[in-house]
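Here's the structure, in structure tokens; my notes come after.
The values are calculated or read from the model by the stated rules, or taken from the named source; none is laboratory data. Please read these numbers as outputs of a predicted model, since none were measured by experiment. Using ideal geometry, Cβ is built from the backbone for each residue, glycine included, and neighbour counts are taken over all protein chains shown.
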Amino acid sequence: MSARSMEPAQIRQLMEEQLKHSRRLQARVQELEGRRHAPLAVVGMSLRLPGGLDTPDAYWDWLRAEGTADSEIPDERPGLRAVYDPVPGRPGRSYVGRAGFLSDISHFDADFFGISQREAKLLDPQQRMLLETAWEALERAGIAVRRSDRLDVGVFLGMMASEYGERLEDRADMTRIDPYYTTGGGLCFGAGRISHVMGFRGPVLSVDTACSSSLSALHLATRALRGEECRYALVCGSNLLLSASLMVSLCQTRAVSPDGRSKSFLASADGYGRGEGVGVLVLMRQEDAEAEGREVLAVVRGSAVNHDGAASGLTAPNGPAQQEVFRAALADARVGAGELGYVEAHGTGTALGDPIEVGALDAVVGDAVRERGAPLPIGSVKARLGHLEAASGIAAVIKTVLMLRHREIPAALPDDGSALNPHIPWDRLSVTVPRRNRPWPAGPRVAGVNSFGMSGTNAHVVLQGYDAPDPDPTPAAGGARTELLTLSAKDPAALAELAVSVRACLKQTEPARLSSVCHTLRAGRAPFAHRVAVTGATAGELAEALGAALDARTPADDARTPAAPRTAVLRISGDEERLTAALAALAAAYPAAAGGAEEEGTPAARLAGLLGVLGLRVRPRLDPELGEAAVLEWEAGGATRTAPLVGDDPEGAPALLSAALGTLFTAGADLRLDALRAPRARFTGDLPTYPFQRRRFWIEEPLTGAGGESAAAAPEHKRGAPDPQDRAAVRAYLLAELTEALHASEEPDTTLSFLDSGGDSFLSVLFITKVEENYRLRLTAEELPLDLPLGELFAKLADDIAATAAAEGAPERDA
């Protein structure tokens, strides 16, 4: 049909349809563009930094104070001490006697992460600290890690060296090498182990771009989150100074400062001061963080990565390339240069690097900054903390997040009159280096973070402060509600330590924050075997109840692992009027739980549905003789337990439910308590994290060319093997062999599985190989049922040994 033959109404309808289609396309383009530039929320942080800094709060207090974090080479680094010579230029020697060393890298809670003592000793300490800091960051984000949940978490690690394994590399004695030499030190295993231990299913990447590694990892995480490859992202950076070889090499290039300190932007700049540390960020899309009620610490607006390309040298900085990465990051963030209120510079403190970086920054933002009339503050934490190399970017980002959160810029240099780098034309540039703490300048709280790698890879990230929406001024309905507070740990000592810390925290908790504190501890922490639960309407009541609950625990309680209730019965009297009133009170107290339950059906069915939302499966049962309107009944440990849910006063149902859930939690029930959240409760990050029960796992450095201490293999021995038909003796022998293979200090619990005892596929091969020195087996290491309790596994092996020996007519074993 031609346009001439169409009626005016038809033409008008066609034009309206085309207009609607065009608007839909425009909306779709805007949606896709919005996703491409979606802001990302920082919801959790954790760290281990020089100077004994192990919490974000401690880091902030240190940043606002004075001083540096460098120290002498620790005694447990004899290799670094052996090559030290204060005279620069001597072949085979390092002139560095100080650096930013961590206070403790040898202790680790292997039991918490289900790692055998044998493997823990061979693990690069970076992997151990990454596990602990990743766990702490997730707890501060309120993300409960249950391995069986397979959370959609990606892991992005920046790490450039794993030097711990060098102490096993003695060509004169290769007996120290065992299967864990591979997985204990490879860079890929640092990120992979986090995901494996915690059961994540998102992408896992280890990135090595030298000193820009962790900021490059952050860039990859932003792309993965915006592309919806994962819901949460762990961005990690790690660095340790263990290799004498690398220290000597850097000293031969004169890249490092003789006094071990970076002098960022100063005339005295003479190389960078090396440092070590571990840091972890938890990121997620901002809209998801707000929907889940998570505390947003700051927002990642954009990022960019590029390379120097054809620079004057592989390791030489390239000013034009740095300008390009600045502009690309600002474009990705949709932020104008004039909006920047601070830049955390790379600032290594080298005579060449600092002038190039400052000049590149001014070339990009200088005009916009001069137009606004206030110079741009810059700084570098390396001047005080040291250059953490692969972890330097994550340390800089955490610092910047804290600055944005506290609305303050700490001093970047001491206020001692020390001269600035004369190669930087400060009088013509629009930047300034603050020497005193100052409030954040007026305007939007936007900051940039630089990180440049010796490999030529440059990264820049743009962050912005987050202003939470004003809380609803409408007062909550009713009076103070009864809160349920739950704590758990993997052993009694950790539970007691955690309870002490939480009690101290409660004493400082304001009434308005109490529901958020309890919500975080209930829903933002993974439940473990040793548990305590209390209820109360105020922080003081909860603190007092928590102390009483701990005092009431007996050694028998500590030794007993509760048997989780498997069945529950909801006994109901049939008083529907009281049940209906109680349901109304429960819906008012716990709207999230009530909203997730069925709204139709009898009051009994609706109450059962509400309990189901909380993770409790129940069967309603009518009991006309029941005194209360509803009672919960379950079997645990061979005994029947009951808890009233609805009594004479239906308004008391929320308090009764809290008490019942606390009893069930303590008994080991697998509950989902996030639906108990009060209407205004949010996850909060400033709460005590899990108190790891650390032990020392360390391989001493051997003398060059000597065998040294045998760390990977036990001394050669030939254990006396019992008669294969004596099954009880064979089971005891197998237990002894496994204990030795695990390098355990005591025999493992035979009610636990091989895997839960710290074993894995490597250990199963080592264990079976040892057993086969004395017996013939039909079962191979691959066929071992590693998920069976050890007692059953040993019985199965003993039967196999006996049957094989009988079939062959004579025992195949050494006397």
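Given the residues Ala584, Ala563, Ala504, Ala493, which is the only one that is part of a helix (DSSP H, G or I), farther than 21 Å from Pro691 by Cβ and either in contact (Cβ under 8 Å) with a residue 60 or more places away in the chain or touching a Pro at 6+ places or on another chain (Cβ under 9 Å) (or both)?
The unique qualifying residue is Ala584.
Quick one: in region 274-298, which of the residues that are more than 18 Å from the chain's Cα centre (by Cα) and part of a strand (DSSP E or B) is farthest from Val42 (Cα to Cα)?
Arg274
For Arg77, indicate whether it is closer than 13 Å to Arg384 by Cα and basic (Lys, Arg).
So Arg77 does not fit the description; no.
So which helices (runs of 4 or more DSSP H) stay within region 305-399 end to end and still have 3 or more residues that are farther than 24 Å from Arg254 by Cα?
By residue number, 319-333, 353-372.
Residue-wise test of (1) in the same structural domain as Val145 (by TED's automatic domain parsing); (2) at pLDDT 95 or above; (3) under 28 Å from the mean Cα position of the chain (by Cα).
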| residue | (1), (2), (3) |
| --- | --- |
| Asp472 | no, no, no |
| Thr482 | no, no, no |
| Leu495 | no, yes, yes |
| Ala499 | no, yes, yes |
| His519 | no, yes, yes |
| Gly524 | no, yes, yes |
| Ala545 | no, yes, no |
| Arg553 | no, no, no |
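Could you tell me whether Gly612 is without any contact (Cβ under 8 Å) to a residue 12 or more places away in the chain, within 21 Å of Arg677 (Cα to Cα) and out of contact with any strand residue (DSSP E or B) (no Cβ under 9 Å at 6 or more places or on another chain)?
No.
Can you name the residue in region 702-755 that is acidic (Asp, Glu) and at pLDDT 85 or above and, of all such residues, is surrounded by the most Cβ atoms within 10 Å (Cβ to Cβ)?
Applying the filter and picking the extreme gives Glu737.
Just to verify a result, which residue in region 641-667, among those that are crowded, with 21+ Cβ neighbours inside 10 Å and over 14 Å from Leu586 (Cα atoms), is nearest to the chain's Cα centre (by Cα)?
Only one residue tops the list, namely Phe665.
Looking at region 408-419 only, could you name the residues that are hydrophobic (A, V, I, L, M, F, W, C) and in contact with a strand residue (DSSP E or B) (Cβ under 6 Å, 6 or more places away or on another chain)?
Ile409, Ala412, listed by residue number.
If you take the residues in region 424-467 that are over 19 Å from Ala411 (Cβ atoms) and β-branched (Val, Ile, Thr), which one is surrounded by the most Cβ atoms within 10 Å (Cβ to Cβ)?
Selected residue: Val461.
Does any residue of region 32-54 turn out to be within 29 Å of Glu139 (Cβ to Cβ), in the same structural domain as Val397 (by TED's automatic domain parsing), surrounded by fewer than 17 Cβ atoms within 10 Å (Cβ to Cβ) and at pLDDT 90 or above?
yes
Among the hydroxyl-bearing types (Ser, Thr, Tyr), more than 29 Å from the chain's Cα centre (by Cα) and either surrounded by 22 or more Cβ atoms within 10 Å (Cβ to Cβ) or not assigned by TED's automatic domain parsing to the domain that holds Ser148 (or both): does that describe Thr538?
Answer is yes for this residue.
Could you check, for region 90-102, whether at least one of its residues is under 25 Å from Ser212 (Cα atoms), modelled with pLDDT of 95 or more, surrounded by 24 or more Cβ atoms within 10 Å (Cβ to Cβ) and in contact with a His (Cβ under 9 Å, 6 or more places away or on another chain)?
The answer is yes; a qualifying residue exists.
Need at least 1 residues that are in the same structural domain as Leu234 (by TED's automatic domain parsing) and closer than 30 Å to Glu228 by Cβ per element, so show me which helices (runs of 4 or more DSSP H) inside region 89-207 make the cut, counting only ones lying wholly within it.
Those helices (runs of 4 or more DSSP H) span 125-141, 187-198.
What are the pairs with Cβ atoms under 7 angstrom where one residue, in region 758-786, is on the phi > 0 side of the Ramachandran plot and outside the structural domain of Val197 (by TED's automatic domain parsing) and the other, located anywhere, is modelled with pLDDT of 85 or more and hydroxyl-bearing (Ser, Thr, Tyr)? Sequence gap at least six, or different chains.
Sorted first by the residue in region 758-786, then by its partner, the pairs are Gly758/Ser116.
In region 757-815, which residues are of a type in the set (Asp, Glu), modelled with pLDDT of 85 or more and part of a helix (DSSP H, G or I)?
Glu792, Asp799, Asp800
Taking region 55-76 only, how many residues are surrounded by fewer than 19 Cβ atoms within 10 Å (Cβ to Cβ), of a type outside the set (Ser, Thr, Tyr) and not in a strand (DSSP E or B)?
10
How many residues does region 208-249 contain that are in a loop (DSSP other than H, G, I, E, B) and of a type in the set (Lys, Arg)?
Within region 208-249, residues that are in a loop (DSSP other than H, G, I, E, B) and of a type in the set (Lys, Arg) number 1.
Only one of Thr183, Thr175, Thr133 is within 21 Å of Leu242 (Cα to Cα), of a type in the set (Val, Ile, Thr) and either over 21 Å from the mean Cα position of the chain (by Cα) or at pLDDT below 90 (or both). Can you tell me which?
Thr183
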